[in-house]
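Take a look at the structure below.
The values are calculated or read from the model by the stated rules, or taken from the named source; none is laboratory data. Just so it is clear, the structure is predicted and the values come from calculations on it, not from any experiment. Cβ coordinates were reconstructed from backbone atoms using ideal geometry, including for glycine residues, and neighbour counts include every protein chain displayed.
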C-alpha cells in the first residue's frame, strides 16, 4: 500500500483518520474491482502513542489483506514467502525479530500454505535509547516486503513509517490496544508441557505430555513446524488426546534429518468453550524420545504393539492388582493337581477364555464410549466409585472364604466369589473375568506404549492389541495348567489348608488398596460407607456360615439376612460414592495461589464487604491454563488484586463438582473457564455489586481493566 | 496439583489411556492425493510428455546423461526473477554445453496461470533467449505430481544412472527480488558440478520457493 502507509505514519489523530479513511476506501476498491491495486494494506502501528526514554514497546506491521488472499507465516509451507521488515531507525533504537502470530492452514489446490487471512499484526519489540529527549517526536521507518497470494502470487513492497511522541512517561495508544492484545495473545507461548518425538521412515510421532486434557473439548489440533521439510505440510495430521497427553502422527517431509535434532514448531489447539471456540498456540520443542519409552525410538507397528501388549500382559500378573486374584487360581491349581491332566488344562482354557472375553467386552465398551465422545480410558471402570466398592466387597468375600469364615457350598451361587470359586469351568471362566476387572487399572512395563497405540488405531487393530494383552495375562496360568502339577507339588495334606488361609491376605491387601482408591475418589464419607459395607459383608458371610446345617426355616432366614446385608453393603457403597468429590484439603493452596472456592466462603467474604475474584477452572481446560499463565499469574494482576484487597478464589471444576456446576449455570455457562469479579457489596440496599463476568480469553489488560472498574465504582 | 489428580494419575492414567480422537485434525482436508513424490537417492520416475516441437520426450531417452528438470510458469514473479536477470538462461547454457539435458516442464492446467500452447512456449524460449534441450507440456500434471513439484521454479537433477540427486530450489535466496540473484548460492550449479566430478551432492534437498504449480 506504499503511499497510504506513509501517510498513515504522520503524527496526530487527523493523519490517522485520513489514513483510516483511505484504508476503507481502498478496501472498497479491492472488493469492487477485480485485482487492481495492492492486495495488502500495510501500515506501521505502535501500542504506545508516547514512548519514554529507555523503554521497550511493541510495534507492528499491520496487514489488512484483501478477501481470499493471504500472506505467509515464517514457515510458509509448500510455497510462499514470509514478510520481511528492514528497519531504518533513529540512532539508538533497536528492533527485535518479528514475533509471528500463529498461522492458519490455507489449502491451495493440492498444497498447504501456512499464513494469514484478513488482518494480521506482525509484532516487533522495539527498544528506545535511554538518552532520548522528551518532548520531541521520533519517526521509525521500514521497508516492508511480503508475498500475497490467492492462487496467483504477487510480491508487494511498501515503505512504512510511524511517528511517535517522546515523553517522560509512556502512554498507550487506545486505538490499537485491542489489536495488540489480540496479536500478543496469538504469539505462541512457550509450551508448559514437554514434548518428544519418534520417527520412522514414513512418519513422525510427536507426544506432548499434557496430562488430563478433556478430549471432547478439543476441536482441532495442528502442528506447524518452524522449518520446511520436517513434516509433509499437506499430509493428514492424526491427533489424539490421551489421558497422558496429546499424540500427533504426521507424515515425514522431504528433508532427511538426523533423529537427534529436536523438532521445533507451534502447536495450535482449538478448544470448545460454551459453544464458541478459542485458539491457543504453544511453542513446542520436541526432543527425540528416550529409549526407555519405545525401545529403539521407533513408532509402533501393529505387530510390535501386539508383542509389547503380550509381554505387558505377562508382567501384569506380577502387579499388585492381579496378584491376589491369582492366589485363587494358584489354589485351584493345587486342588486340581490330583485330577486327570486334562481337567487342569480345561480349567486353564476356561480361565483364558474368561480373560479374553472380558478383555474383548471391556475394550468394546471403551471403544464404543470413546467414539460416542466420552473422555475415558483403559481402566475407566475403576473411575466409578461404586465399581471400586463392589470390587472391594467381592475380593473381601473371597478373602473371608479363604480364611474359613465362610464355606462356599455352591448354594448361593449369586455371591460373586462363589461364582469364581465354583468347581466347574464356569468358576475358572469367571476368575478370568475377575482378573481382568482387577487388572485393568494396573499398568505393567511395555503396556503403556501398546495401549497408547491401540487408542489411536481403528477398532480391529485396537481389539487385537487388547486381546494380546489379555492373552499375556492368561499365559502363565495356562502354561502351568499344561504342566502336570502333581510332579511339582508335595502330597496333599494340611499344608493345603494353611496355604489357602495364607492366600486370603493378598486379597485383604487388595481390599485395603481399593478403599484407598475410594478415599481419593469420594473422601472420608465414602470411605466410611464402604467400610460399613465391608462390615455388612462380613456379617452376611458369618450368617451364611452359622446357618449351615440349621433347620431349613432358619437357613432361609439367614440367607435372606445375608442377602440383605450384601444389598445394604452395595447401597452403602452407592451412598459413599455419591458423597461427592472431596473438598480440597488443607495444604492445597500454595505460595501465591488463590484460596479454594466454596459457596460458603464466597458468601462469607461478600458479607464482609470484601470484593472477590473467582477463577472457575479445570485441569483439563487448556484455555484456563493459558489464561492463568498469561494473565492471572502476572505480577501486575497479583499486585492489582492485592492492592484493591480483592480475595482471589479458585473454583476447581476438574471433577465437575455439582455445587460449582450450579454456579456456572447461574451465569448461563455449561463449562469453564469463567471469571467473575464480585465488587464489594455495599450496605444492604439494592443495586449493590452486580458481579462482572470477564471474557473467556483473558489478557493482562482485560483483568486490570475489570479491577479498575470496580475500584472506580467503589469510589463513587 | 490437587490430590484427586494424583489419584487418577497413579491408578488410572498410568494405564496410559483415555483416548478420544481429538477432533478430526485435518478432517476438513483430505490427505494429499497419493503422490509418489520422487525421492532423492532413488531412481527418478520415468515419464513421457509431449515437447513443444510436437514429439514426445521420455526420460529414458537420456539414459547415461545428466538431466535437469525445471518446472516453470512464465508469469510467476519468482520465475521472472530468474529469467529477467538472465540467471536461468545462463544456467541452461552452462548445463547443456557440458552435455547435460535440460527439460523445462510446464504443468499449469489449461486456464491457469502459466499455461501455454506449444507455439507460445516456443515463443517464450525465443524471446527470453532460453536454452533448454526441450520444453514439455504437462497440462494434466502427471509428471509434476510424480516428482512432487510444488513450486515454480522447482529444480531437479538426475545423474547418469537415472538416480535423482537433487530436488528443490534453484538457490538459497527465497525471494522474488532480482537483486538477490547476485551472490546467491546456486544449488543446481553445485549439484551439476558434483555429479560431473563424481562427488556426492552436498545439499541434495532444499525447500523449493516460488509460486505453487497451478495443477488441474
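Mind checking whether some residue in segment A:434-457 is modelled with pLDDT of 70 or more, away from every other protein chain (no Cβ under 14 Å) and touching a helix residue (DSSP H, G or I) at 6+ places or on another chain (Cβ under 9 Å)?
yes
Give segment A:515-526 a look and list any residue that's more than 10 Å from every other protein chain (Cβ to nearest Cβ) and surrounded by fewer than 21 Cβ atoms within 10 Å (Cβ to Cβ), or say none.
A:515, A:524, A:525
From the list B:207, B:178, which one is more than 16 Å from the chain's Cα centre (by Cα) and within 14 Å of another protein chain (Cβ to nearest Cβ)?
B:178
Please go through segment A:97-114 and give me each residue that is within 14 Å of chain B (Cβ to nearest Cβ) and at negative phi, ordered by number.
A:104, A:105, A:106, A:107, A:108, A:110, A:111, A:112, A:113, A:114
Assess whether residue A:122 counts as being within 20 Å of residue A:186 (Cβ to Cβ) and away from every other protein chain (no Cβ under 11 Å).
Judged against the criteria, residue A:122 is a match.
Counting only residues that are at pLDDT below 85 and in contact with a helix residue (DSSP H, G or I) (Cβ under 8 Å, 6 or more places away or on another chain), which one in segment A:606-633 is nearest to residue A:709 (Cα to Cα)?
Result: A:630.
Identify all residues within segment B:149-162 that are within 16 Å of residue B:103 (Cα to Cα) and either assigned to a loop (DSSP other than H, G, I, E, B) or away from every other protein chain (no Cβ under 14 Å) (or both); write none if there are none.
B:149, B:153, B:157, B:158, B:159, B:160, B:162
What about residue B:136, is it in a strand (DSSP E or B), more than 14 Å from every other protein chain (Cβ to nearest Cβ) and either touching a strand residue (DSSP E or B) at 6+ places or on another chain (Cβ under 9 Å) or under 20 Å from residue A:109 (Cβ atoms) (or both)?
yes
Could you check, for segment A:656-663, whether at least one of its residues is exposed (fewer than 13 other Cβ atoms within 10 Å of the Cβ) and at pLDDT 85 or above?
yes
Across segment B:146-170, which residue is nearest to residue B:205 (Cα to Cα) among those that are surrounded by fewer than 24 Cβ atoms within 10 Å (Cβ to Cβ) and more than 9 Å from the chain's Cα centre (by Cα)?
B:165
Okay, residues lined up against (1) assigned to a loop (DSSP other than H, G, I, E, B); (2) at pLDDT 85 or above; (3) within 11 Å of chain B (Cβ to nearest Cβ); (4) farther than 22 Å from residue A:113 by Cβ:
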| site | (1), (2), (3), (4) |
| --- | --- |
| A:264 | no, yes, no, no |
| A:267 | no, yes, yes, no |
| A:270 | no, yes, yes, no |
| A:286 | no, yes, no, yes |
| A:298 | yes, no, no, yes |
| A:315 | no, no, no, yes |
| A:334 | no, no, no, yes |
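Checking the condition under 44 Å from the mean Cα position of the chain (by Cα) and on the phi < 0 side of the Ramachandran plot, which residue from A:141, A:172 passes?
A:172
Condition first: free of Cβ contacts under 8 Å to residues at least 40 places away in the same chain, in a loop (DSSP other than H, G, I, E, B) and either facing chain B (nearest Cβ under 9 Å) or closer than 30 Å to residue B:109 by Cα (or both). Can you find one or more residues in segment A:242-251 that meet it?
For segment A:242-251, residues free of Cβ contacts under 8 Å to residues at least 40 places away in the same chain, in a loop (DSSP other than H, G, I, E, B) and either facing chain B (nearest Cβ under 9 Å) or closer than 30 Å to residue B:109 by Cα (or both): absent.
Taking into account only those residues within segment B:193-204 that are without any contact (Cβ under 8 Å) to a residue 40 or more places away in the chain and touching a strand residue (DSSP E or B) at 6+ places or on another chain (Cβ under 9 Å), which is nearest to the other protein chains (Cβ to nearest Cβ)?
The selected residue is B:203.
Each row is one residue, and each column tells you yes or no for (1) modelled with pLDDT under 95; (2) part of a strand (DSSP E or B); (3) facing chain A (nearest Cβ under 7 Å).
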{"residue": "B:9", "(1), (2), (3)": "yes, no, yes"}
{"residue": "B:18", "(1), (2), (3)": "yes, no, yes"}
{"residue": "B:31", "(1), (2), (3)": "yes, no, yes"}
{"residue": "B:34", "(1), (2), (3)": "yes, no, no"}
{"residue": "B:39", "(1), (2), (3)": "yes, no, no"}
{"residue": "B:53", "(1), (2), (3)": "yes, no, no"}
{"residue": "B:68", "(1), (2), (3)": "no, yes, no"}
{"residue": "B:88", "(1), (2), (3)": "no, no, no"}
{"residue": "B:91", "(1), (2), (3)": "no, no, no"}
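Which condition breaks for residue A:513 when tested against (1) at pLDDT 75 or above; (2) in contact with a helix residue (DSSP H, G or I) (Cβ under 7 Å, 6 or more places away or on another chain)?
So residue A:513 meets the others, but not (2).
Would you kindly identify the strands (runs of 3 or more DSSP E) lying entirely within segment A:94-202 that contain at least 3 residues that are under 16 Å from residue A:80 (Cα atoms)?
Hits in segment A:94-202: A:104-108, A:111-116, A:137-149, A:153-166.
Restricting segment A:211-236 to residues that are more than 24 Å from residue A:106 (Cα to Cα) and either surrounded by 23 or more Cβ atoms within 10 Å (Cβ to Cβ) or in contact with a helix residue (DSSP H, G or I) (Cβ under 6 Å, 6 or more places away or on another chain) (or both), which is farthest from the other protein chains (Cβ to nearest Cβ)?
Checked segment A:211-236; the qualifying residue farthest from the other protein chains (Cβ to nearest Cβ) is A:213.
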